[in-house]
Amino acid sequence: MASRKAPLIKEIMKKYSKEELIKITNSKPRTSLKKIKEKLMKFKVSELEELLKEPVFKFSIKLNMKAVPIVTLSILIMISVLTQGFKFPQAQTQASVSQTNNKTETASMISAVITYLVDPSCGKCYDVTINSLILKNYGINLTEKYVNVNSTEGQSLISKYNITKYPTFVLSKEARSSASLVNVWLQVGTIENDGALVFRAPEIFEEQGNYKKILPNGTVEEIVYVPPETTLGNFIVTNESICTDENGSPIIYFFGSNSCPHCRWEHPVISEVISLFNDSIEFHDNMGANNDQDVFMKYININNGGVPFMVLGCKYIRVGSGEALALDSNTIASLNETFPNHPLLLETANLTQQAIEAANNGNTTGYQSLILEASKSVEHLVLKALICNLTNSSPAGVC
């Protein structure tokens, strides 16, 4: 098995930066490359292969709490963390092979100019250059150019392409030669008459910073991201009515991928909780399945398409697992009020203390293992509490 992993790890070490490798392996900031390799050796072959399949991306969320990378509809080439459920054609690189008119040919790198339209005075605006690494993995070799929105050239670009939101970027027409890019581009931008590709969806980066919008009267408004209301377990609270089946039972949706380690951690936890409620709820289990895509896409602007993704009665939603909830003091405190002296909370406290002792002794692996185990108990109670809210505390033996 080690012989199969070694060449995969070698390629992964080439593909990702050290910072990205640290986040992939959930390592400490100053972890050596040797230690990172040792951690990668603990990955399954299938997980290593997935890392090589996916385009390089910027990590905006800690992977051990969220999901695995993949190209999806909502953020095109500017991905963060997503499911295996929606998969667009992979980016072409020098080593990729494409089928054209029944002929197999090696794809070559495409040279294009990317013009970033930026506002230096907007200190809180998101970093538009986050897109560059992803674009390169669509087989595009970029020449970068920066243009101030307030300059003559910047105003000319705004007028020429009717740009209403920035920071943004314009790709020269050569980028259209990347078929895999063109296939998804219209989800986030436009292809102009002169062939240029204009990015028009900075709002998908709202969690990473602000953006500015040009209003019809010509004034400019800075759009500030307002985090949604959250509750137990970092679930987002929606303003929607509870969605139910024909019998009036709340519907619980789970979306996950078999190749996602965080989904594999979460799935048995929610399945165990669901089993407690019997006919009080309806469970749509989409682990490794592409069902209920209308529901998944309904929240695409909130979850950016990530998995694991849970929709509890359309009232509570969360992207990511509960793998670190044992460290969430606010959730623990709330659960102690809801379930005072519950055995699972006592177990959590015991495991967390053991984890702290392991960390103090330099046992990082033991620490992580204990936190994951403790978090299962916390996640169990979080899910039970939220679903009980949906069912009006039914069944009584559970709630």
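The values are calculated or read from the model by the stated rules, or taken from the named source; none is laboratory data. The model shown is predicted, which means the values in this text are computed figures rather than measured ones. Here Cβ is always computed from backbone atoms with ideal geometry, including for glycine, and neighbour counts include all displayed protein chains.
Data for the structure
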item	result
Pairs where the first residue, in region 281-301, is surrounded by 17 or more Cβ atoms within 10 Å (Cβ to Cβ) and the second is hydroxyl-bearing (Ser, Thr, Tyr) and in a helix (DSSP H, G or I), C-beta under 8 Å, 6+ apart	Asp285/Ser271
Restricting region 153-171 to residues that are assigned to a loop (DSSP other than H, G, I, E, B) and under 28 Å from the mean Cα position of the chain (by Cα), the residue that is farthest from Tyr116 (Cα to Cα)	Thr164
Helices (runs of 4 or more DSSP H) enclosed by region 325-399 - at least 3 residues per element that are of a type in the set (Ser, Thr, Tyr)	329-338, 364-390
Cβ-Cβ under 6 Å pairs, at least 6 apart or on other chains, region 131-157 side at positive phi, far side part of a strand (DSSP E or B) and surrounded by 14 or more Cβ atoms within 10 Å (Cβ to Cβ)	Gly139/Ile110
Complete set of residues in region 239-262 that are touching a residue at least 60 places away in the same chain (Cβ under 8 Å) and in contact with a His (Cβ under 8 Å, 6 or more places away or on another chain)	Ile251, Ile252, Gly256
Unmet requirement for Leu325, which otherwise passes all of (1) within 25 Å of the chain's Cα centre (by Cα); (2) not assigned by TED's automatic domain parsing to the domain that holds Ser249	(2)
The listed residue being at pLDDT 95 or above, farther than 20 Å from Phe205 by Cα and β-branched (Val, Ile, Thr), out of Thr152, Thr164	Thr152
Leading residue by the ranking (farthest from Ile110 (Cα to Cα)) among those in region 141-152 that are assigned to a strand (DSSP E or B) and not hydrophobic (A, V, I, L, M, F, W, C)	Asn148
Meets criteria (closer than 21 Å to Ile214 by Cβ, surrounded by fewer than 16 Cβ atoms within 10 Å (Cβ to Cβ), touching a residue at least 60 places away in the same chain (Cβ under 8 Å) and assigned by TED's automatic domain parsing to the domain that holds Lys213) for Lys160	no
Cβ pairs under 7 Å, 6+ apart, first in region 29-49 and under 12 Å from Arg4 (Cβ atoms), second among the basic types (Lys, Arg)	Met41/Lys5; Val45/Arg4; Val45/Lys5; Leu48/Lys5
Residue in region 214-258 that is surrounded by the most Cβ atoms within 10 Å (Cβ to Cβ), counting only those that are touching a Pro at 6+ places or on another chain (Cβ under 9 Å) and farther than 30 Å from Asn392 by Cα	Ser257
